[in-house]
Every structure is written in structure tokens, then in C-alpha cells.
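Student: Provided herewith is a single structure, encoded as C-alpha cells, for subsequent inquiry.
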Amino acid sequence: MRSFDEDDEDSDDSEGEFADEGDWYASLIAGERVGEWLDVIEEETKQQRSNDDEEKEEEEEGRRNRRRTKNDDDKRFRSAIEQLTKHVEEDEVYGEEAEVAEAERILSEALAKVSLTTNIDDDEEEIEKETSNSSSVQKLLRQSLEAIETHRKRKKNVKTYAMKNGRVEVSILETKLSNGVGGKLWKAALLLAEQLDDKEGEPKDDDDDDDGVIIDVKDKTVLELGAGVGLVGFAAAKLGAKEIVLSDFEAPLLEALAESVERNGSEKTTKVRWLDWRADGASNTEKTEPPDAFLALEKEDTYDIILGSDCLYESHHATLLPKVINKRLSSSPNARCRLLGAVRNREMLDQLIENFRKFENLRATETSVAKSERLNYDGGYVRVDIKRKSF
Ligand SMILES: C[S@@+](CC[C@H](N)C(=O)[O-])C[C@H]1O[C@@H](n2cnc3c(N)ncnc32)[C@H](O)[C@@H]1O
């Protein structure tokens with residue numbers, strides 16, 4: 001499978017093409033730092049408002065002391081704006097986090113406030129100092145706003161993936177990891193999508209009639225769990241599935257998926273639905289609701305094929321996924337579910353298989369996925385195939 005950016009058809013696979021744990025931590029750290037800088041900016045903006053009122057009544061001595069502290073605050077204020085600008089200019093992740101934290105609003109409020117703050121009770125020298133100080137802060141704030149606007153206007157991160165035998169091409173829209181871990185593409189999705197498509201494939205498992213590597217989606221109904229950017233589901237749509245539901249529980253991911261349905265021209269077969277595994281598990285106690293703009297998966301709907309890539313990364317997923325799959329997999333003996341993911345935690349994976357065993361009409365088998373140079377992970381990848389037991 002080959003990938004290329006929309007306007008760069010020759011670009012080859014490169015570092016950073018896929019989301020990984022490092023990206024996730026980077027987004028957490030960026031979010032924290034952006035939050036700290038914005039807190040300083042907001043605090044100082046509020047401070048200036050109260051200072052203006054108080055200052056009128058202050059004694060000269062008190063005013064001098066306050067100015068000393070004010071100088072320190074000014075330094076922190078400027079440094080916070082400068083750091084924010086620099087990081088947003090240099091690193092996309094900081095731009096994403098600044099957007100999420102409403103930096104534009106906070107900076108605009110600060111700018112409006114700074115523009116109004118010259119103390120008319122001061123002497124001429126002081127007024128001159130304050131005016132020049134205020135205009136240099138205004139300049140910093142404008143630069144910061146510009147950096148954020150530039151980030152926002154950058155083109156949408158649409159990528160196109162061509163399956164290796166060239167039968168289909170899929171476009172995905174990546175957003176940001178702060179929208180949810182599925183905001184960017186994970187390698188497992190590519191591995192799973194290739195298994196839908198790879199007609200040569202690996203040899204079938206010796207001991208098995210039909211758990212071979214290829215899953216044929218033609219004319220089947222397909223549900224993708226934790227779809228993220230939806231590469232697997234769109235690949236199924238392009239490979240002739242009769243009906244595809246891309247599901248996730250994060251509203252921004254559902255929005256991006258809906259946009260991708262149009263971009264892939266899959267409107268006739270593909271729906272985007274909210275599905276929270278916590279709400280779908282039989283013994284659910286947590287109440288979660290679909291976001292306004294999206295419908296939840298119909299309560300009773302079941303599917304011929306269920307697919308999920310990298311859906312196991314928190315311990316409760318090992319309990320939830322078997323419940324959801326048991327509920328959503330058709331009762332037909334031909335129904336199939338495949339979960340494919342990196343082995344991040346062996347115990348969690350064992351727990352998942354164990355939990356499938358608790359359903360007497362499900363059979364789950366685990367198979368290692370052949371290593372590939374490009375799509376590798378230290379702990380390796382496995383696929384877990386689930387089907388209905390025939391009694
Ligand atoms: C690591 S990402 C993988 C995304 C995509 N399948 C891929 O491989 O690129 C895990 C996905 O599972 C989804 N997810 C996690 N917990 C969920 C839950 N309780 N209900 C539904 N989806 C969930 C996340 O929103 C995310 O899209």
C-alpha cells in the first residue's frame with residue numbers, strides 16, 4: 001500500500017506518518033504548556049483591569065512597590081506570549097492545542113485590554129514608558145494571533161492511501177489527537193485494510209477452514225468499531241461491501257468521518273454512527289449520550305462483518321469489546337469479526353481472549369501478523385478473529 005499527501009503524490013512513507021504513543025504524549029504535554037501560558041495571559045489581563053481601578057486611590061509609595069511587582073508580571077506576561085507564538089509557529093501540535101484551548105479569544109481579549117491601559121494620572125515620563133510598553137505588548141499579542149491564524153488556515157490534512165494491488169484508493173481526513181486518539185491514523189488500520197484487499201495474502205491457517213488472512217467484504221454488511229479516521233471502513237466500502245457503518249464515540253472524529261464519506265464518494269453505502277462501547281455493553285452502568293449532530297447505532301442492528309484496528313489500549317476495553325461484538329455480530333455462522341492491533345500489553349490481550357470465552361457461542365483465535373519493515377511494532381501485531389460457534 002502506498003500513501004501520499006493530496007498535493008504531493010511522490011512523497012514516500014516518512015517518520016510521523018502514523019500516530020503512535022509518542023505523538024499522544026506530545027499532544028498531552030503541548031496541551032499542558034499551552035494551558036499554562038494562556039493562564040498567565042488571562043491572569044494578567046484580569047489583573048490589569050483591577051489595577052486600573054485601584055491605582056487611582058493609591059499612595060505614591062505603594063504605587064512604586066506595585067510597579068516593581070508589575071515589572072515581574074510584565075516579564076511573565078511577555079514570556080508567555082512569546083513562548084506561545086514560537087511553539088505555535090514551529091510545531092503543529094502546539095497550534096492544535098492552542099486552538100482547542102481558545103487561545104484566539106484569550107489573546108484578543110488581552111489585546112483589547114492592553115490597548116486601553118494607559119494611566120492618565122501618571123507623569124509624562126511614566127505615560128511615555130507605559131505607552132511604549134503597551135505598544136510592544138500589543139505587537140507581541142498580534143504576532144501570536146497571526147501565528148494561530150496561520151496554523152488554522154493550513155490546508156486540511158487529507159491523505160490518500162492506495163492499496164498495493166491498485167484496486168482501490170481511500171482518502172482520510174486526519175484532525176488532531178486532542179480530538180481523541182483516533183484523530184490520526186494508526187498503523188494497525190493499514191495492516192487491517194490490507195487484509196481486506198490482499199488477494200494473494202498469507203497462506204490460510206493450517207488448522208482452520210476459513211480463518212485465513214483475507215476477509216472478503218463483498219456484498220456484506222460491515223461495522224467498524226473505534227473507526228478513528230475510518231481507513232478500514234472506507235477500504236471495505238470501496239471493496240464492495242453492501243453497507244458500512246463507521247462508528248466512534250468522539251464527536252469531532254464523527255464530524256471528520258462524515259466529511260470523508262463525501263470525499264470518498266461513499267454516500268450510498270456508508271453511514272457514520274455514534275457508538276460508545278460503554279453504552280453498548282450489556283451490563284453498562286455508565287450513561288453516555290450521542291452528540292447532537294449524530295445518530296446512535298440502532299439498538300438491534302447486527303452485522304456480517306465487524307472490524308476494529310488498535311481498539312484495545314485500556315484495560316476496560318478487554319471487557320467491553322467482547323460484549324459489544326457479541327451483541328453486534330450477526331448470528332449467521334458466516335459472520336466474522338477481526339480486531340487487529342499492536343501488542344502493547346500482553347495481559348490485556350490475554351484478558352480479551354479470556355473474556356470472549358465467556359460467551360459460549362463465540363470462538364476467538366489469536367494469530368500473529370507477519371512483520372513488515374515499515375509497519376512494525378516492538379511487541380508485534382496480532383489479529384483476533386471471532387466467529388459464531390457451530391454447535
Ligand atoms: C488507537 S485509536 C485507533 C483508531 C483507528 N481504528 C486506527 O486504527 O487508526 C482507538 C479508537 O477507539 C475509539 N474508542 C475508544 N474508546 C471507545 C469507546 N468507549 N467507544 C467507542 N470508541 C472508542 C477512539 O475514539 C479511537 O478512535
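Student: Can you sort GLU174, GLU314 from fewest to most other Cβ atoms within 10 Å of each residue's own Cβ?
Tutor: GLU314, GLU174
Student: Could you point to the residue in PHE249, ALA335, PHE359 farthest towards the positive end of the stretch 157-388's charge dipole, with +1 and -1 charges on the Cβ of Lys/Arg and Asp/Glu respectively?
Tutor: PHE249
Student: A 23 angstrom limit on the alpha carbon distance is what I want to check against. Which of LYS159/LYS327; LYS358/LYS389; LYS75/LYS139; LYS159/LYS299 exceed it?
Tutor: The answer is LYS159/LYS327; LYS159/LYS299.
Student: Another question about this same structure. Give me the net charge for the shell around ASP73: Cβ to Cβ below 9 angstrom, other residues only, Lys and Arg +1, Asp and Glu -1.
Tutor: -1
Student: Which value, in debye to the nearest 20, describes the size of the charge dipole of the stretch 157-388 about its Cα centre when Lys and Arg Cβ atoms bear +1, Asp and Glu Cβ atoms bear -1, and nothing else is charged?
Tutor: Roughly 220 debye, rounded to the nearest 20.
Student: Give me TYR94, TYR161, TYR313 ranked fewest to most by other Cβ atoms within 10 Å of their Cβ, as a rough exposure proxy.
Tutor: TYR313, TYR161, TYR94
Throughout, read-outs are computed from the coordinates displayed, never taken from laboratory work. Quick caveat, the model's predicted, so the values are computed rather than measured. Because the Cβ atoms are built from the backbone with ideal geometry, glycine has one as well, and the counts that use them run over all protein chains shown.
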